[in-house]
Each structure stands twice: as structure tokens, then as C-alpha cells.
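The values are calculated or read from the model by the stated rules, or taken from the named source; none is laboratory data. What you see is a predicted model, and the numbers here were worked out from it, not measured in a lab. Glycine gets a Cβ as well: all are built from the backbone with ideal geometry, and neighbour counts include every protein chain shown.
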Amino acid sequence: MITSTRSIRHAWLSDLIGQIHESSYGTYGRMRIRAELQRSHEVTVGQNTVALLMRRSGLVGLPLRRRSKRVPHQVTVTDLVRRRFHADGPDRLWVTDITEHPTREGKLYCCVVLDVFSRRVVGWAIDTE
């Protein structure tokens, strides 16, 4: 049986990838292993080839892909206003809204309290927590 040059190269690369993965204590993924192959071992190889050989060998780098968290069903608070947003006089019904704004320094929260009768701002606050 004749083995192709590709299968010989894949076998050689698989061994080399396994050594690099083991020396990184199992933390390197396909991108770091490819960079290590190119820089330290001077081997030109594509990302998809490294990914294919790692998948065949059962090697996975860290961090693992994060799965979306399932939010359990929670009982909502009863609607005390009953969706009637009108008031007979000032200072009888206030509504509020909190908005999250992502910034370069982190998240910023803005909270505003409105008087339903006059539609004026009663109070507001901006904070990072």
C-alpha cells in the first residue's frame, strides 16, 4: 500500500502538534499552536489544517467555548400600576427606568425617576455599580 505525501505530512504534523499541546499543559488552541509551529519550528501550515489535525487527535485548547446560560423561569412582580400611566395630581405616581451604557472603562448605569402627572424628572443618578 502506497501512502501519500499528505498523509505522511499529516502524521508528522500530528505528532508535532501533540508535543506542542502537551508542553503547553493542554492550554494552546489551534491559533497558538500554529504560531508556535511557524515561529519555533519554522513549519508553514494553515489554520484549518491545524484545526483538522487537532480535532482528529482529540486535542482542545483553553478556554473552552462558552455555552449560553439558560435562565430559569422566574415569577414576575405584579403590576402595581396595572398599566394605567396617568395621575390625578403631582407626586402621586412616579415611574423609573434604569439603562445600562457600555463604555471603554466599563458599564455605566443611568437611573431616572419621573413624575407621571407633570412628566418632570424627580431624581436621577449615574453610577458604575
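Here are a few things to note about the model shown:
- Within region 71-86, residues that are at pLDDT below 75 reach partners that are of a type outside the set (Val, Ile, Thr) and part of a loop (DSSP other than H, G, I, E, B) with beta carbons closer than 8 Å, at six or more positions or on different chains, in the pairs VAL81/LEU93.
- Subset of region 96-129 that is surrounded by 13 or more Cβ atoms within 10 Å (Cβ to Cβ) and among the aliphatic types (A, V, I, L, M) - its residue that is farthest from VAL81 (Cα to Cα): LEU108
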